[in-house]
Amino acid sequence: MVQRGEISTIEERPLDKDGNPTLARVLSEHSGVITKPLTIPRDLRAGALHKGVRVIFVEFADRSGAILMRADGETEG
């Protein structure tokens, strides 16, 4: 299900080849629950996300998923 929420935490590990975090947890506006770590897309890894940034994300039945974009459409911090 595609949802909107805000970044709760950025995971310290694993890092991509450029040393950027690849996973974040999101507080869902729909359920009020914090997700399992979701994949951060490559174009948002270099500082575009931080705690409190609103995002659009997808979460599947097994609670895996990915952040799709910042809710404001920006790609930079």
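The values are calculated or read from the model by the stated rules, or taken from the named source; none is laboratory data. As the structure is a computational prediction, the values presented were derived from the model and not from experiment. All Cβ positions, even for glycine, are placed from backbone atoms using ideal geometry, and neighbour counts span all protein chains on display. Each accessible area value is taken on the protein alone, full model and side chains, heavy atoms only, with ligands, DNA and RNA left out. Shrake-Rupley method; radii C 1.70, N 1.55, O 1.52, S 1.80 Å.
What to note about this one:
- Flag if residue 48 is open to solvent by less than 60 Å² (accessible area, probe 1.4 Å), among the hydrophobic types (A, V, I, L, M, F, W, C) and modelled with pLDDT under 95: yes
- Of the residues making up the range 31-68, those that are free of Cβ contacts under 8 Å to residues at least 40 places away in the same chain and part of a strand (DSSP E or B) are 34, 38, 39, 65, 66.
- Residue 18 of a type outside the set (A, V, I, L, M, F, W, C), closer than 15 Å to residue 2 by Cα and over 9 Å from the mean Cα position of the chain (by Cα): no
- From the options 59, 6, residue that is within 13 Å of the chain's Cα centre (by Cα), of a type in the set (Asp, Glu), crowded, with 17+ Cβ neighbours inside 10 Å and at pLDDT 95 or above: 59
- Every pair of residues 6+ apart whose Cβ atoms lie under 7 Å, when the first sits in the range 1-22 and is more than 15 Å from residue 65 (Cβ to Cβ) while the second is polar (S, T, N, Q): 14/22; 15/22; 16/22
- Of everything in the range 15-30 that is open to solvent by 70 Å² or more (accessible area, probe 1.4 Å) and part of a loop (DSSP other than H, G, I, E, B), the residue that is farthest from residue 76 (Cα to Cα) is 30.
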